[in-house]
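Q: My questions all concern the structure below.
Please treat every number below as a calculation from the coordinates, not as lab data. As the structure is a computational prediction, the values presented were derived from the model and not from experiment. Reconstructed Cβ throughout: ideal geometry from the backbone, glycine too, with neighbour counts over all protein chains shown.
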Amino acid sequence: MRRVGLVVVTIAAIVVVVSCKNSVSASKMEAGKKVYAVNCLGCHMDNGKGVPRMNPSLVNSPYVMGHPNSLIELVLRGSEFFGTNKRSYNNQMASFHALSDTEIADLLTYIRNTYAKTGDEIDAEDVKNIRAKLN
Amino acid sequence: MKKNLSFLVASLSIVLFYSCKSKDAAKDEKEEVKTEASAITLPEGFSSLVVADDLGAARHIAVNSNGDIYVKLEKLNDGRGILRLRDTNNDGTADDISGFGNYEGTGIAIKNGYLYASSDDNVYRYKMDNNEVSANTEEMIVEGLINKREHSSKSITLDNEGFIYVNIGAPSNACQEKNREKGSPGMNPCPILDSAGGIWQFKADKAKQHYGDGLRYATGIRNIVGLDWNSSANDLYAVQHGRDDLDKMFPDLYTEEQRVNLPAEEMFRMKKGADFGWPYCYYDPFQKAKVQGPEYGGDGKKTTGCENKQNPIYAFPAHSAPNALLFYTGTQFPEKYRNGAFIAFHGSWNRAPREQEGFNVVFLPFKDGMPSGDYEIFANGFAGATKTPDGAAHRPCGLAQGPDGSLYISDDKGGTIWKVTYKAAK
């Protein structure tokens, strides 16, 4: 009987660990956080909630939660070419094409796993491919 | 045994649920807590009353001689862009609210029997007859002003000679070739200044005026939301929203600390033809000088090209976002307030991650048309527990003086209108 209980506890513990495990590498998140602090925090704020009517919130934003390729393109081109939230926010986001592929990949991994819970990573290779397509 | 197992599974499910619950979500719930609208703090002898609440994005306000309050909304409320608040039983709160004008905007003013209001593109006026405004007297007096979303509010004020002054904000941070893009150089000359980045003067009674009918009264101004004609000095005054992001655009020249505290939010006294320097120069309150912007070759110290730009008459903390200016002419408040300036600070965002500034109404004493001392915080506590644009419960945006000398404050976050009165201690 005791053994059955132990098995249940063990299985449940594994479930807890697996379900809570962040599949994203800590170092990538840390690197992304640094890129965010320098380039994004000033407008989107440290809680990602932005400034009402000026700079959009990233928290569970459809752009943040959507397909990573669209988000990569938005960062590379800026919002002017994208028409994002045109009627809702006064400020345009500049293009951040000057950031490296790795920086953008780290940044978007951080944003997608901090302000949404997508649980995935974006690779520098993905950024490189989209950048090549745009050029 | 079965019971024990069920209990175990249930307990673990609870643990699982809470262990996975996002910390951010918990924080979000906390931020939803709003402060009481009436909980603003004021100097001794003053008290406040909430006239109305939850009106929507209440930008500027004007009070008529019968006490009716007109509120310009930035978002339509039930199809109405202007609300009239009337207190029919004299208890201080609005019990009769009606509206008209199906356009969004910021500016509103009353002068010589007309109500003036602005969208982000046009300026309108309405005839006031026996204290009633009828929407069908709407007349467009200025049309087709630049509106590219950024800095698009068209604040208005009127002088005593039949002119209306309209702010046309620059749709840009510093006129860079690529707006707000790191290292992008400034355009020289800045083409934005032809149709924006200044205050334009139009006739208050002429229909359908465009740029060609008006006069660029003052230039070199990034964005103004708070402006007022000071009748005792017979001049136009305004408070500017200064530029952002010095360290983001030029990290080799500026630190985060410098970006947080530079430039000052400048108060201007405007004569016709004045040039305040944007985008080529900004005001550094520590060096007490206009210095050249980094987009134009500046290094944070050089004053090249700024020699003839006009200095502010007062410098407020950076990025505080002055959204309303009112020269107090009433007699209800003590003598020191007479002809002095109240300024409503909407509250900053470009100081992140440092503590934000503003979210208050300050008073600046004046003598002979010039500041005569330092400002003091007059009304505070609008933001509540979280002093950020997103977390603030209320953000002061408009100011008006009632016929009895009371001060009215509007808030475009919680949609609250306060009436502030003074009673001397016996």
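Q: Starting from 0.36 nm per residue, how many nanometres of slack lie between B:ASN89 and B:ARG338 once their C-alpha separation is accounted for? Before the final figure, lay out each step's value.
A: Working: separation 249, 0.36 × 249 = 89.64 nm, distance 2.97 nm.
Extra length from B:ASN89 to B:ARG338 when fully extended: 86.7 nm.
Q: Follow-up question, since we're still on this one. Order of B:VAL142, A:VAL38, B:VAL71, A:VAL24 from fewest to most other C-beta atoms within 10 Å? Don't skip to the answer; put the middle values down first.
A: Working: B:VAL142 29, A:VAL38 16, B:VAL71 32, A:VAL24 19.
Exposure proxy ranking, most exposed first: A:VAL38, A:VAL24, B:VAL142, B:VAL71.
Q: For segment A:28-135, please report how many Lys pairs fall under 28 Å Cα to Cα, leaving out neighbours fewer than 8 apart on the same chain.
A: 20
Q: Please state, to two decimals, what the Cα-based radius of gyration of segment B:99-190 comes to when divided by 2.2 N^0.38 Å (N = residues).
A: That works out to 1.37 for segment B:99-190.
Q: Return B:CYS190, B:CYS281 ranked ascending by Cβ neighbour count within 10 Å, so the fewest neighbours appear first.
A: B:CYS190, B:CYS281
Q: Counting pairs of alpha carbon atoms under 8 Å apart in space and at least six apart in sequence, what relative contact order in percent does segment B:169-238 give?
A: Rounded, it is 28 percent for segment B:169-238.
Q: When the helices in the protein assembly as shown are scored as -39500 (n - 2.57) per DSSP H run of 4 or longer and the sum is shared across all residues, what 222 nm value do you end up with, to the nearest 500 deg cm²/dmol?
A: Result for the protein assembly as shown, helices only: -6000 deg cm²/dmol.
Q: Mind running the shape call on segment B:266-413? Use the C-alpha gyration tensor, a ≥ b ≥ c as the square roots of the eigenvalues: rounded below 1.5 for a/c, prolate if a/b tops b/c, oblate otherwise. Intermediate results must be reported in sequence, preceding the final value.
A: Working: a/c = 2.50, a/b = 1.33, b/c = 1.88.
It is oblate, given that a/c is not under 1.5 and a/b is not larger than b/c.
Q: Please compute the average number of Cβ atoms from other chains found within 10 Å of each residue's Cβ in peptide A:44-53.
A: Average per residue, whole number: 6.
Q: Compute the semi-axes of the equivalent ellipsoid of the protein assembly as shown, taking the square root of 5 times each eigenvalue of the Cα gyration tensor, and list them largest first in whole Å.
A: Values: eigenvalues 410, 190, 94 Å².
Taking √(5λ) for each Cα gyration eigenvalue gives 45, 31, 22 Å.
Q: Given 37 °C and 0.692 mPa s, how large is the Stokes-Einstein diffusion coefficient of chain B in µm²/s, with Rh as the Kirkwood radius over Cα pairs?
A: 145 µm²/s
Q: Quick one: which residues, 5+ away or cross-chain, put their amide H under 5 Å from the amide H of B:VAL51? H built at 1.01 Å from N.
A: B:ILE417, B:TRP418, B:LYS419
Q: Determine the relative contact order of chain B: mean sequence separation of Cα pairs under 8 Å and six or more apart, normalised by residue count, in whole percent. It would help to have the intermediate numbers written out before the result.
A: Working: 1120 pairs, mean separation 64.3, N = 426.
Normalised by residue count, the contact order of chain B is 15 percent.
Q: At B:LYS148 and B:MET370, where each label point lies 7 Å from the Cα along Cα→Cβ, what is the point-to-point distance in nanometres?
A: Taking the simple label geometry, B:LYS148 and B:MET370 are separated by 3.8 nm.
Q: Tell me, B:THR255, A:THR118, B:THR416 in order of fewest to most beta-carbon neighbours within 10 Å?
A: B:THR255, A:THR118, B:THR416
Q: Would you please give the residues with an amide H less than 5 Å from that of B:ALA289, counting only those at least 5 places away or on a separate chain, with H modeled from the backbone geometry?
A: B:ASP284
Q: Give me the one-decimal nm value for the distance between modelled label points at B:SER231 and A:LYS117, 7 Å along each residue's Cα-to-Cβ direction.
A: With each label placed 7 Å out from Cα toward Cβ, I get 6.1 nm.
Q: Kirkwood hydrodynamic radius (Cα pairs, Å) of segment B:128-258?
A: Details: mean 1/r = 0.0602 Å⁻¹.
Value: 16.6 Å, from the Cα pair sum.
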